[in-house]
Amino acid sequence: MINTKAPEPHLLVQSMFQPALPLRNSDSHKGSFGSVAIIGGDDGMVGAVLLAARAALLSGAGRVYAAMLSKNAPVVDAAHPEIMMRSPDALMQLSQLNCVVIGPGLGQSNAAIALLEFELTQLRPILLDADALNLMAARPRLAKLVKRRQAETVITPHAGEAARLLNCCAKDIQQNRIECARELSKRFNATCVLKGSNSVCAHHDGSYFVNSTGNPALATGGTGDVLSGVIGGLMAQGLSAFDAAKLGVYAHGAAADALVAQGIGPVGVTASEVAIEVRNVINALNKLS
């Protein structure tokens, strides 16, 4: 049962993120800021991986890899050739990954299930989004693997995905957002980001925060992929799952606010624009410290 007697929410506000990230030393190199991999991109959904990978790069990750299931996957991201493309099989052989984001555009094929099962058994932080969550909801074996993980886990459902995970309806989620986020984090021993207006970040120890940034400009395709990439990039840089989720959610919303303040949107803002503005938000937070 969901506990409906949650305490008053704590808000994510700017003062919590000053500085947003540790100071970068003069002798830093790309290895100092971690390696993150984005896995997904079945046929027709390659863009989801590209958006998440670009967001991880723009959030400061030292190395970003992308692996796609599509038979027509690009061999290079022309807009960001810094992203290293790998086949899913080749990615499984990499030992230096600090974080894996799996789910954007993943699909629900047998190959997708096998990839997800493999990643759930690895001792490294993971972020589960989109079809990774749908597969968890449909296959109890995968859900059990998530619960038993020894490394940190972040799940980033929207209301529909959360409803499938809790076996209820989206209306129930929207009416009890804080309680549902806390229940999901406890059930899966994870940090839960329940996306939507006033996104909720909940930790499995019961603590939680409600975001104070964001606007309807984020109601467009791909912004969830960007958020997953941002959080994954922050985890790769050494932030805990909960800290990465809080900063990622705050910066993601603040980026949309900044774009609207500049006269860009709220109508017609793209996920790609949000990813670029997230970089500006994080750098501005560091300068304010």
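The values are calculated or read from the model by the stated rules, or taken from the named source; none is laboratory data. Since we're looking at a predicted model, the values are computed, not measured. Glycine also receives a Cβ, built like all others from the backbone with ideal geometry; neighbour counts cover every protein chain displayed.
Say whether the condition of being on the phi > 0 side of the Ramachandran plot and of a type in the set (Gly, Ala, Ser) is met by at least one residue in the stretch 219-237. Yes, the conditions are met somewhere in the stretch 219-237.
For the stretch 48-76, filtering for residues that are crowded, with 24+ Cβ neighbours inside 10 Å, closer than 25 Å to LEU23 by Cβ and either modelled with pLDDT under 95 or small (Gly, Ala, Ser) (or both) leaves 4. Scanning the stretch 213-235 for residues that are farther than 14 Å from SER272 by Cα and either of a type in the set (A, V, I, L, M, F, W, C) or not in a helix (DSSP H, G or I) (or both) turns up THR213, GLY214, ASN215, ILE231, LEU234, MET235. Residues that are without any contact (Cβ under 8 Å) to a residue 40 or more places away in the chain and polar (S, T, N, Q) were ranked within the stretch 97-136; the one that is farthest from ALA181 (Cα to Cα) is ASN110. Listed by position, the helices (runs of 4 or more DSSP H) contained in the stretch 116-212 that have at least 2 residues being crowded, with 20+ Cβ neighbours inside 10 Å and not aromatic (Phe, Trp, Tyr) are 131-138, 159-166, 177-187. For the stretch 25-47, taking the residues that are in a loop (DSSP other than H, G, I, E, B) and of a type in the set (D, E, K, R), the one that is farthest from VAL226 (Cα to Cα) is identified as ASP27.
Residues of the stretch 82-115 being of a type in the set (Ser, Thr, Tyr) and under 17 Å from LEU50 (Cα atoms), which ones? Correct list: SER87 only.
Just one of (1) closer than 23 Å to PRO104 by Cα; (2) part of a helix (DSSP H, G or I) fails for GLY238. It is (2).
Applying the condition of being among the basic types (Lys, Arg) and in contact (Cβ under 8 Å) with a residue 24 or more places away in the chain to the stretch 149-175 and asking which residue is nearest to GLY222 (Cα to Cα) yields ARG164. For residues in the stretch 84-116 being of a type outside the set (S, T, N, Q) and farther than 19 Å from ALA130 by Cβ, which is nearest to the chain's Cα centre (by Cα)? Checking each candidate, the answer is LEU97.
Does any residue of the stretch 79-91 turn out to be in a strand (DSSP E or B) and crowded, with 22+ Cβ neighbours inside 10 Å? No, the conditions are met nowhere in the stretch 79-91. Taking each residue of the stretch 206-220 that is touching a residue at least 24 places away in the same chain (Cβ under 8 Å) and looking for partners that are among the basic types (Lys, Arg) with beta-carbon atoms closer than 6 Å, six or more apart or interchain, yields TYR208/ARG182; PHE209/LYS246. Within the stretch 92-112, the set of residues being in a helix (DSSP H, G or I) and in contact with a helix residue (DSSP H, G or I) (Cβ under 9 Å, 6 or more places away or on another chain) comprises ALA111, ALA112.
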